[in-house]
Amino acid sequence: MKVSPFGIELILRWLFTLLSVWAGIGFYRSGDKVSLASAALSVLLFLMPPVIGKVLRLQIPVAFRYIWFVFILAAMYLGEIHSFFYRFLWWDDMLHTCTAMLVAYTAMLVILSSTRDNSGQIAVRPLFLFFSVLAFTMAFGAVWELFEFSADQLLGVNMLKGRDSTLPGSIYDYGRALINTMQDLSLDLLGAMVVALLASLNLRRGTLLSSVFGLPLRQFRQANPRFFSGR
């Protein structure tokens, strides 16, 4: 029996949702409240795409579903539940760059769907698209860093890596947290520039909807034509 790409994504999503629940049960029994919260958040994020689709009345293409699944798998299930963030020092940098690219692509999608002309064609200049995607992504990154700082101060967690996780009871080092914040913002800029540059170049060449880079955009446009129809 042939399984569709949507079916494969659904099976994988529910499989890792159940694995996250199982991990959460183990954390609850051991009294690890921080890891339990990570497991609960993983479950929530794995199940989020259908909820977002219903709330916003969107048809989420299979490419977006796979991108979201792989991201949550890497960030939450492997990164937090299985401690890849602490076992592999490059894991956080890799994910932060990928997150910036994902946010930048979403920004491009929002900009293109809100700047169409009367015939439904893209009505935005490549240079404007480049700087708009860049500004949106950096603003999102700044807000996220504020969230991490607030969580560290109010909840006593270690999202800014101000505390050495290998040393139990280590003192929170604000200098260490500042360096982590600047590194994260630098990676945000790198990821945003890659997507913004590819978007503007493809738009200039007229290949934005026909290139491999534009595949998720093309699928979203086909699944949700009302966002790209004429005004």
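Here the 3J(HN,Hα) profile of region 131-147, calculated from phi with Karplus coefficients 6.51, -1.76 and 1.60 at θ = phi - 60°, is 6, 5, 5, 4, 5, 4, 5, 5, 5, 4, x, 5, 4, 5, 5, 5, 4 Hz, Gly and Pro shown as x. Candidates Pro126, Cys98, Ser170 compared by Cα position along the dipole of region 83-231: farthest toward the positive end lies Pro126, with charges placed on Cβ. A Cβ-based charge dipole, computed about the Cα centre of the chain with Lys and Arg at +1 and Asp and Glu at -1, lands at about 1120 debye. Relative to its residue count, the chain spans a Cα convex hull of 147 Å³ per residue. Label positions at Gln153 and Ile25, each projected 7 Å from the Cα along the C-beta direction, are separated by 4.0 nm.
Readers should treat all values here as calculations from the given coordinates under stated rules, not as data from a laboratory. Predicted, not measured: the structure shown is a model, and the values here were computed from it. Note that each Cβ is placed from the backbone with ideal geometry, even for glycine, and that neighbours are counted across all protein chains shown.
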